[in-house]
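Student: I'd like to ask you about the structure that follows.
The values are calculated or read from the model by the stated rules, or taken from the named source; none is laboratory data. Since we're looking at a predicted model, the values are computed, not measured. Because the Cβ atoms are built from the backbone with ideal geometry, glycine has one as well, and the counts that use them run over all protein chains shown.
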Amino acid sequence: MAFVLIRIDDRLIHGQVTVAWGSWLNPDRIVLVNDEVAACDWRCDLYSDSDAMGVDVVIQSVDDFLASLEKGEYRDGRDFLIVESPADLLRLLKGGLDAPLVNVGGMHHADGKRQLLDYLFVDDEDTAALLKIAELGTKLEARDVPQGEPYYVEELLDAA
């Protein structure tokens, strides 16, 4: 598969994604996989019409993405895959996505979440999903921007 980066970011597509990561990765398209966004026309329009540096934006539900993946639609090109949560990523991995390395870039503060980094807050559900993802063999690297220092999520969870 040709994903130049797979990222967990609860804000999905925003300036940091398009400017910092987009400039660094130079993707052909951004693939946003989220059931709620895919089911909402105005949210699809919002993300599709966002200034993604002239890069095409594809929005799919988890099931539609997995069907596309099975058909080989993401075999060629330089695609940047974004999911909102560890739970979404875990569903993709269980559905057949090969992801040796995932960038955990933005899981922000919410009630019931504890802070691991300035941009990484987790609750018990996030922690369980992240640990399961690691058990499946995916390396989880927390980094907010390309030039930022990488942290390994398993180590952060062990220290918390």
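Student: Under 7 Å between Cβ atoms, at least 6 apart or on separate chains: pull out the pairs that start in region 82-102 with a residue that is on the phi < 0 side of the Ramachandran plot and among the acidic types (Asp, Glu) and end on any residue that is modelled with pLDDT under 95 and in a loop (DSSP other than H, G, I, E, B).
Tutor: Cβ pairs passing all conditions: Glu84/Asp10; Glu84/Leu12; Asp98/Met1.
Student: Can we say Asp124 is surrounded by 19 or more Cβ atoms within 10 Å (Cβ to Cβ) and either more than 25 Å from Ser23 (Cβ to Cβ) or in contact with a strand residue (DSSP E or B) (Cβ under 8 Å, 6 or more places away or on another chain) (or both)?
Tutor: When the stated conditions are applied, Asp124 does not pass them.
Student: Answer with yes or no whether Arg29 is surrounded by 14 or more Cβ atoms within 10 Å (Cβ to Cβ), over 19 Å from Ala129 (Cβ atoms) and touching a helix residue (DSSP H, G or I) at 6+ places or on another chain (Cβ under 9 Å).
Tutor: Against the criterion (surrounded by 14 or more Cβ atoms within 10 Å (Cβ to Cβ), over 19 Å from Ala129 (Cβ atoms) and touching a helix residue (DSSP H, G or I) at 6+ places or on another chain (Cβ under 9 Å)), Arg29 does not qualify.
Student: Quick check, is Leu5 within 15 Å of the chain's Cα centre (by Cα) and assigned to a loop (DSSP other than H, G, I, E, B)?
Tutor: So Leu5 does not fit the description; no.
Student: Among the residues of region 55-90, count how many are surrounded by fewer than 17 Cβ atoms within 10 Å (Cβ to Cβ), farther than 15 Å from Leu32 by Cβ and touching a strand residue (DSSP E or B) at 6+ places or on another chain (Cβ under 8 Å).
Tutor: 2
Student: Moving to a separate point now. Of all residues in region 127-148, how many are surrounded by fewer than 19 Cβ atoms within 10 Å (Cβ to Cβ), closer than 18 Å to Ala159 by Cβ and not acidic (Asp, Glu)?
Tutor: 6
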